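Contents: one structure, followed by commentary.
The values are calculated or read from the model by the stated rules, or taken from the named source; none is laboratory data. Being a predicted model, the structure only gives us computed values, none of them experimental. Positions of Cβ are backbone-derived with ideal geometry, glycine not excepted, and every protein chain shown enters the neighbour counts.
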Amino acid sequence: MKVAIIPVTPFQQNCSLLVCEKTNKAAVVDPGGDLERILDAVKKQGVALEKILLTHGHIDHCGGTAQLSQQFGLPIEGPHADDRFLIDGLPEQSLRFGFPQLQSFTPARWLANGDTVSFGEVELQVRHCPGHTPGHVIFFSPEYRLALVGDVLFAGSIGRTDLPRGDHATLLHSIRERLWPLGEDVTFIPGHGPTSTFGEERASNPFVADSVPGRA
């Protein structure tokens, strides 16, 4: 599997293009906007888009989804149904954050903890990780030791929980109970900023390091 990270929108959100090297099929994770950048990456890789995967319903992660899906006939998978209210509210979100007027949409498939998603011959595991939003999911490849974690965890930080239906204690629980067991060697792509590993964050992240009180 090849991965191309494409920062999009004024929030510099990490959209990811995942490519199955055996079939040349690809999935786009979190196409928040700037579709021309995403399609340039698709053209450069010479791949065929198969589906769209979403970690959660905030505009910088899913703002370009409806247009991309309609333009190429792509099915949308994710997030968890608890983020339906955010996706239904995309037209209002676009006005609030100064985006072009956006459409809401209904995924072909809402995801739950323990599900799998696939493109080409690549399969990813789904973990429901609420806290930043109630329906946030992450995608994990045991084979490639790679996780796409959206806004759950960042290099040196964690997702904010002061947005609608965010919850700090729930987010900490998601990180410790749903991410850490995947392994310290796992590299993760966050929704913003540089990649890191779960091991590095367990050692040094000021919010969720093993040395932080209340980690149990």
Checklist outcome for this item: If we ask which residues in segment 11-59 are within 24 Å of Cys129 (Cα to Cα) and either within 11 Å of the chain's Cα centre (by Cα) or assigned to a loop (DSSP other than H, G, I, E, B) (or both), their number turns out to be 19
Checklist entry - Of the conditions (1) among the polar types (S, T, N, Q); (2) assigned to a loop (DSSP other than H, G, I, E, B); (3) closer than 26 Å to Gly135 by Cα; (4) more than 18 Å from the chain's Cα centre (by Cα), Gln70 fails just one. Which one is it? => result (2)
Checklist entry - Looking at Asp115, Asp83, which is the one that is under 16 Å from the mean Cα position of the chain (by Cα) and under 19 Å from Glu50 (Cβ atoms)? => result Asp115
Checklist entry - Ser16: of a type in the set (Ser, Thr, Tyr), touching a residue at least 60 places away in the same chain (Cβ under 8 Å) and touching a strand residue (DSSP E or B) at 6+ places or on another chain (Cβ under 7 Å), yes or no? => result yes
Checklist entry - Which pairs have Cβ atoms under 9 Å, sit 6 or more apart or on different chains, and link a residue in segment 103-128 that is closer than 18 Å to His61 by Cα and aromatic (Phe, Trp, Tyr) to one that is in a strand (DSSP E or B) and modelled with pLDDT of 95 or more? => result Phe105/Ile76; Trp110/Glu77
Item to check | Extreme residue, surrounded by the fewest Cβ atoms within 10 Å (Cβ to Cβ), among residues of segment 86-112 that are assigned to a loop (DSSP other than H, G, I, E, B) and within 15 Å of the chain's Cα centre (by Cα) | outcome: Ala112
Checklist entry - Taking Asp82 and the conditions (1) touching a Pro at 6+ places or on another chain (Cβ under 6 Å); (2) of a type in the set (Asp, Glu); (3) assigned to a strand (DSSP E or B), which numbered condition does it fall short on, given that it satisfies the others? => result (3)
Checklist outcome for this item: Flagged in segment 20-33 as crowded, with 19+ Cβ neighbours inside 10 Å and not hydrophobic (A, V, I, L, M, F, W, C), in numbering order, are Lys25, Asp30, Pro31, Gly32, Gly33
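Conditions tested, residue by residue: (1) touching a Leu at 6+ places or on another chain (Cβ under 6 Å); (2) among the acidic types (Asp, Glu); (3) surrounded by 15 or more Cβ atoms within 10 Å (Cβ to Cβ); (4) under 26 Å from Leu17 (Cβ atoms).
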| residue | (1), (2), (3), (4) |
| --- | --- |
| Arg178 | no, no, yes, yes |
| Pro194 | no, no, no, yes |
| Thr197 | no, no, yes, yes |
| Ala203 | no, no, no, no |
| Pro206 | no, no, no, no |
| Asp210 | no, yes, no, no |
| Pro213 | no, no, no, no |
Next on the checklist: Only one of Leu68, Leu54 is surrounded by 16 or more Cβ atoms within 10 Å (Cβ to Cβ), of a type in the set (A, V, I, L, M, F, W, C), under 16 Å from Ala108 (Cβ atoms) and touching a His at 6+ places or on another chain (Cβ under 9 Å). Can you tell me which?
Outcome noted: Leu54
Next on the checklist: Return the pair list, or none, for Cβ contacts closer than 9 Å from residues in segment 167-188 that are free of Cβ contacts under 8 Å to residues at least 40 places away in the same chain to residues that are surrounded by fewer than 15 Cβ atoms within 10 Å (Cβ to Cβ), at least 6 apart or on different chains.
Outcome noted: His168/Asp162; Arg176/Arg215; Arg176/Ala216; Trp180/Asp210; Gly183/Pro142; Gly183/Gly199; Glu184/Gly199; Glu184/Ala203
Next on the checklist: Pairs please, first residue from segment 1-13 and surrounded by fewer than 18 Cβ atoms within 10 Å (Cβ to Cβ), second anywhere and part of a loop (DSSP other than H, G, I, E, B) and polar (S, T, N, Q), Cβ atoms under 9 Å, 6+ apart in sequence or on different chains.
Outcome noted: Ile5/Thr195
Next on the checklist: Going through Pro79, Pro100, Pro91 one at a time, which residue ends up being free of Cβ contacts under 8 Å to residues at least 60 places away in the same chain and touching a Cys at 6+ places or on another chain (Cβ under 9 Å)?
Outcome noted: Pro79
